[in-house]
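A.B. asks: Handing you a structure now.
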Amino acid sequence: MEQPVDADSRTELKVPQEPKVPQELWWSVLLEGIIAIIVGIFLLYEPIATTILLIQILAIFWLVEGIFSFIRALVFTRDGKWKLLSGILSIIAGAVILMYPVISPYIVLRLLIIFIGILALVNGAVIITSALKGGDWGTGILGALTIVLGLLLLTNSLAGVIILPWIFGVFFVIGGIGAVIWGIKMRT
């Protein structure tokens, strides 16, 4: 048997408000945008030297992070074996990259290209499967093109290594411009 509903026991549906962005952070977004534009311009103008520098910075980060993970594993024994393994691998990766500064960017970029190629193959297969279920030809063509891109990256990763710094440079400049505009809008 259904109970009668009182007008007082009804709950009103509240519409969620837009998240509020703290106004103090506008300068941080603006600064990130400016740095991204500068890095992007360097990647477009001098891709080899900039890539080597960025990989060296990444190696220093991995080395320091590995040392801290190693220390945390020794101090805090909970999940210590995973922190210890993570720390050791980070220290090894950072040290190897710093010991071989000329060849390490090529190896790191080549591994990234292989990862992107595998990711493109998987995404393409998922897109094609989705297109076959829904019957959308446009999505199916996009999935096929994604698979072709993945195969090209996996079969000729050297071309991807050569082109990747310029692609990152374009994305950094475009993303930096967007961040600068967003930071200025946050300020006003």
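The values are calculated or read from the model by the stated rules, or taken from the named source; none is laboratory data. Not measured: the values here are computed from a predicted model. Glycine gets a Cβ as well: all are built from the backbone with ideal geometry, and neighbour counts include every protein chain shown. For accessibility, only protein heavy atoms count, side chains too; no ligands or nucleic acids. Shrake-Rupley method; radii C 1.70, N 1.55, O 1.52, S 1.80 Å.
A.B. asks: Looking at segment 175-188 only, could you name the residues that are exposed (fewer than 13 other Cβ atoms within 10 Å of the Cβ) and either outside any helix (DSSP H, G or I) or not charged (D, E, K, R) (or both)? Break it down into steps so the answer makes sense when it comes.
C.D. replies: Narrowing segment 175-188 to residues exposed (fewer than 13 other Cβ atoms within 10 Å of the Cβ): 185, 187-188.
Once the filter is applied, which keeps residues that are exposed (fewer than 13 other Cβ atoms within 10 Å of the Cβ) and either outside any helix (DSSP H, G or I) or not charged (D, E, K, R) (or both), segment 175-188 yields only T188.
A.B. asks: What is the residue count in segment 86-112 for residues that are farther than 10 Å from I55 by Cβ and either of a type in the set (A, V, I, L, M, F, W, C) or in contact (Cβ under 8 Å) with a residue 12 or more places away in the chain (or both)?
C.D. replies: Start the filter on segment 86-112 by keeping residues that are farther than 10 Å from I55 by Cβ, which leaves 86-96, 99-100, 102-103, 110-112.
Filter again for either of a type in the set (A, V, I, L, M, F, W, C) or in contact (Cβ under 8 Å) with a residue 12 or more places away in the chain (or both), leaving 86-96, 99, 102-103, 110-112.
Qualifying residue count for the region: 17.
A.B. asks: OK, next. Which one of these does I127 not meet: (1) of a type in the set (A, V, I, L, M); (2) open to solvent by 50 Å² or more (accessible area, probe 1.4 Å); (3) farther than 23 Å from Q56 by Cα?
C.D. replies: So I127 meets the others, but not (2).
A.B. asks: Okay, moving on. Which residue pairs have Cβ atoms under 6 Å apart, sit 6 or more places apart or on different chains, and have a first residue in segment 145-157 that is closer than 18 Å to V108 by Cβ and a second that is open to solvent by less than 30 Å² (accessible area, probe 1.4 Å)?
C.D. replies: If the second residue must be open to solvent by less than 30 Å² (accessible area, probe 1.4 Å), the pairs left are L153/I113; L153/G117; L153/G160; L154/G117; S157/I113.
A.B. asks: Let me ask something additional. Evaluate segment 152-166: report whether one residue or more is surrounded by 13 or more Cβ atoms within 10 Å (Cβ to Cβ), touching a Phe, Trp or Tyr at 6+ places or on another chain (Cβ under 7 Å) and modelled with pLDDT under 90.
C.D. replies: So far as segment 152-166 goes, yes, one or more of its residues are surrounded by 13 or more Cβ atoms within 10 Å (Cβ to Cβ), touching a Phe, Trp or Tyr at 6+ places or on another chain (Cβ under 7 Å) and modelled with pLDDT under 90.
A.B. asks: Take segment 39-61 and flag every residue that is open to solvent by 80 Å² or more (accessible area, probe 1.4 Å), among the aliphatic types (A, V, I, L, M) and either closer than 30 Å to I88 by Cα or without any contact (Cβ under 8 Å) to a residue 60 or more places away in the chain (or both). If you could, list the steps in order and put the result at the bottom.
C.D. replies: Taking segment 39-61 and keeping what is open to solvent by 80 Å² or more (accessible area, probe 1.4 Å), we get 41-42, 45-46, 48, 53, 57, 60-61.
Then keep just the ones that are among the aliphatic types (A, V, I, L, M); that gives 41, 48, 53, 57, 60.
Those that are open to solvent by 80 Å² or more (accessible area, probe 1.4 Å), among the aliphatic types (A, V, I, L, M) and either closer than 30 Å to I88 by Cα or without any contact (Cβ under 8 Å) to a residue 60 or more places away in the chain (or both): I48, L53, I57, I60.
A.B. asks: Sticking with this one: If you check R110, R72, which single one turns out to be closer than 22 Å to W166 by Cα and either touching a Leu at 6+ places or on another chain (Cβ under 9 Å) or assigned to a helix (DSSP H, G or I) (or both)?
C.D. replies: Sole residue among the options that is closer than 22 Å to W166 by Cα and either touching a Leu at 6+ places or on another chain (Cβ under 9 Å) or assigned to a helix (DSSP H, G or I) (or both): R110.
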